[in-house]
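These notes are about the structure you will find just below.
Every number in this text was worked out from the coordinates using simple rules, so none of it is lab data. Remember, predicted model here, so these are calculated numbers, not experimental data. FYI the Cβ positions are ideal-geometry reconstructions off the backbone, even for glycines, and counts take in every protein chain you see.
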Amino acid sequence: MKRKSIAFLLMLSLFCGFLFLFPITAQAVGGVGIYVNGEKVQTDTATYVNGTGHTMVPLRFVAEALGYFCHWDARQNQCQIQKDDFTLQMRPNSKLAKTEEKSAVMPAACELKNDRIMIPLRFVAETLGCSVTWLEQYNRILIEWNGQKPQLTSELDLSGKTIVLDPGHGYWNPQGLYDPGAVGPTGLQEQKVNLAIAKRAAVLLQESGATVIVTRENAEDGMSLAARAAQANTADIFVSIHCNANDNSAYQGTATYCHSDSVRLKADLELASYIQDGVVASLGRKDLGEIKGWFNVLRHCKVPACLLEVAFISNPTEEKLMKETTFIENAAVGLTNGIGAYFAR
Ligand SMILES: [Zn+2]
């Protein structure tokens, strides 16, 4: 059953990618007309205003009209536009846009509509060095390139924010016993996956201006749970990073936990929901949602705190994924996206 649904998702993503790469005969579909540098853009997906009042346009048609090459990567669930030495990457259901140097939170998440990536108009136009004019009486949007080089004006501004990332386990307890965390069916140690994700997310968050404290640097220098949480007391948020495990190896998916007795439970759940959304959108694993539980490491925190379980290391499929750099990157991007969206809320 699970295998079937994974195969279906895989086929669906390949199909979407196929459509993206080989657009069907383009034709305008009612709605608002988009003009780029005076030329009408022929699209097969109508512009619309989304639930938060942002005008969403099909990225491919606008970008191509401006001379960009557009590429959909089904495997990484991301699209990229590129011209000369400028590339911009986005993912469906994510507010994060990335160039090679920096990332920004868009005012609205990319949406998939008729297998097209829809993107907030003003964001994409301004990033690509264009001005936008709305001619209401003609129901037209005019996009004019103003001669400027494309550049991402970083809206993901985390300057002044301090974030503690806690890669779980990797700890020698006072009795001299080593804690590697859960161990996967082929012997992969959880502490290793947690550390790789934390280190990559730390880089991404620092690029956005945040101060990031990672509670351990290697496989063995983890502190006690109370000492880890104590690091959070001067920070804005605390996120502990783990891999889930269960005796039933069929269990799979992403979950974010909060400490149920926390006086900040509401604040913790809010942080958890942004992180859960970001990581699920980026990793594409089953969404197990936000879950309340008893967590010693969170219990000691005095700031909004949650514990991310990226996937199940006890599940052979997810353990295999955890060995791939793509999975680590996607988990780190999803976590960064979630944290960025939390602070931009
Ligand atoms: Zn763990």
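Seen from every direction in turn and averaged, the convex hull around the alpha carbons of region 212-298 projects onto 6.8 nm².
Taking the Cα centre of the chain as origin, sum charge times position over the Cβ atoms of Lys and Arg (+1) and Asp and Glu (-1), and report the length of that vector in debye to the nearest 20. Each step should come with its number before you reach the end.
Numbers: 32 positive and 35 negative charges, 97 e Å.
Roughly 460 debye for the chain.
Given R₀ = 22 Å, FRET efficiency for Ala267-Ser224 by Cβ-Cβ distance, to 0.05? Provide the component values of the computation, followed by the final result.
Details: r = 24 Å, r/R0 = 1.11.
Once the sixth-power term is evaluated, E becomes 0.35.
Return the lysines within reach of Lys102: Cα separation strictly under 30 angstrom, same-chain partners fewer than 8 residues apart disregarded; answer none if there are no such residues. Within the straight-line limit of under 30 Å, Lys102 reaches these lysines: Lys83, Lys113, Lys149, Lys161, Lys192, Lys199, Lys286, Lys320, Lys323.
From the C-alpha gyration tensor of region 112-201, pull out the three semi-axes of the equivalent ellipsoid (sqrt of 5λ each), sorted largest to smallest, in whole Å. Let's see the in-between values first.
Details: eigenvalues 498, 61, 23 Å².
After diagonalising the Cα gyration tensor, the semi-axes are 50, 18, 11 Å.
Obtain the radius of gyration and the Kirkwood radius of region 162-343 from its C-alpha atoms and give Rg over Rh. So for region 162-343, dividing Rg by the Kirkwood Rh gives 0.93.
For the Cα trace of the chain, dividing Rg by the Kirkwood Rh returns an Rg/Rh value of 1.02. The spacing between region 271-345 and region 105-135, judged by their C-alpha centroids, is 27 Å. Straight-line cross-link reach from Lys266 at under 16 Å between alpha-carbon atoms covers these aspartates and glutamates, not counting any fewer than eight positions away in the same chain: Asp236, Glu290.
Near the amide H of Val212, within less than 5 Å, lie the amide hydrogens of Ile163, all on another chain or at least 5 residues away, with H placed in the peptide plane.
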